[in-house]
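Participant: Take a look at the following structure, please.
The values are calculated or read from the model by the stated rules, or taken from the named source; none is laboratory data. Note that the structure is predicted; figures quoted are calculated from it, not measured. In this analysis, Cβ positions are derived from the backbone assuming ideal geometry, glycine residues included, and neighbour counts consider all displayed protein chains. Surface areas here come from the heavy atoms of the whole protein model, side chains and all, with no ligands, DNA or RNA. Shrake-Rupley method; radii C 1.70, N 1.55, O 1.52, S 1.80 Å.
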Amino acid sequence: MNNYVTGATIKRLREKQGLTQSRLGEKLAISDKTVSKWETGKGFPDISLIEPLAQVLGVSMPELLSGEEIINTNRAANLLRSHLYVCPICGNVLYATGSAMISCCGITLPPLDAEAADPDHAAVCTKIDDELHVAVDHPMTKTHHLTFIAYLNGGRFEFVRLYPEGAAEARFFTRGHGVLYWYCNHHGLFSQKI
């Protein structure tokens, strides 16, 4: 797993956007030689350039850092007017009940867009009396794991932090209908109405 953006990722995304090294450099106020160094592995973008680089390349910061593009069919969602943020550097998870300017580790975090789960990230929800048991059959290794499972309902936000080598499951007290969220450190935020 890469711990930082790779030159191959930058080159692939730059070419996908139809940008030359010079044009990318202009958009970031850096030289084309700097872009060339990144793409050939002779240097790395400064952390302060990660967010602008992701914006210019048309991807989220987690996508840029992981090198994996996520096709998000729900870009306009507002998470029931709430937003979740995850720092790609330290893993901090932040929740806001409306629009906010959130930063962590020196970078401004974009609100996450939730998408429907693919088969590799499907959640199994079981109601047991007044509780909702949520389990996801997902790797929980140090490099690839779920970071949290959260449940938003009845004006309440409940959050269960998950850790590598632990179980990818959580229990919540149910109060009618709500929305379940879970976050994969490689593939982003998923949601499901309950």
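Participant: Answer with yes or no whether V160 is modelled with pLDDT of 90 or more, open to solvent by less than 40 Å² (accessible area, probe 1.4 Å) and not small (G, A, S). Quick ask: steps written out before the conclusion?
Facilitator: Details: modelled with pLDDT of 90 or more: yes; open to solvent by less than 40 Å² (accessible area, probe 1.4 Å): no; not small (G, A, S): yes.
So V160 fails the test.
Participant: Name every residue in the range 78-97 that is touching a strand residue (DSSP E or B) at 6+ places or on another chain (Cβ under 8 Å) and either part of a strand (DSSP E or B) or at pLDDT below 75 (or both), in order of residue number.
Facilitator: Of everything in the range 78-97, those that are touching a strand residue (DSSP E or B) at 6+ places or on another chain (Cβ under 8 Å) and either part of a strand (DSSP E or B) or at pLDDT below 75 (or both) turn out to be L79, L80, H83, L84, Y85, V86, V93, L94, Y95, A96.
Participant: Just give me the residues in the range 113-143 being outside any strand (DSSP E or B) and in contact with a Cys (Cβ under 8 Å, 6 or more places away or on another chain), in sequence order.
Facilitator: Taking the range 113-143 first, the residues outside any strand (DSSP E or B) are 113-114, 117-122, 129-130, 137-143.
Matches in the range 113-143: H121, H138.
Participant: So, Y181, is that one open to solvent by 30 Å² or more (accessible area, probe 1.4 Å), aromatic (F, W, Y) and outside the structural domain of P62 (by the TED database) or not? Outline the logic, then answer.
Facilitator: Working: open to solvent by 30 Å² or more (accessible area, probe 1.4 Å): no; aromatic (F, W, Y): yes; outside the structural domain of P62 (by the TED database): yes.
Answer is no for this residue.
Participant: Sticking with this structure for a sec: Among the residues of the range 105-117, write down those that are open to solvent by 20 Å² or more (accessible area, probe 1.4 Å), of a type in the set (A, V, I, L, M, F, W, C) and in contact with a Phe, Trp or Tyr (Cβ under 9 Å, 6 or more places away or on another chain). Explain how you work it out, then say what you get.
Facilitator: Taking the range 105-117 as the starting set, the residues that turn out to be open to solvent by 20 Å² or more (accessible area, probe 1.4 Å) are 105-106, 108, 110-113, 115-117.
Cutting the leftovers down to of a type in the set (A, V, I, L, M, F, W, C) gives us 105, 112, 116-117.
The answer is L112, A116, A117.
Participant: Now, a different point. Name the residues in the range 9-45 that are hydrophobic (A, V, I, L, M, F, W, C) and either outside the structural domain of G58 (by the TED database) or under 18 Å from S66 (Cβ atoms) (or both), would you?
Facilitator: So in the range 9-45, the residues hydrophobic (A, V, I, L, M, F, W, C) come out as 10, 13, 19, 24, 28-30, 35, 38, 44.
Selection gives I10, L13, W38, F44.
Participant: I need the full set of residues from the range 121-147 which are open to solvent by 20 Å² or more (accessible area, probe 1.4 Å), touching a residue at least 60 places away in the same chain (Cβ under 8 Å) and under 17 Å from Y181 (Cα atoms), in order please.
Facilitator: C125
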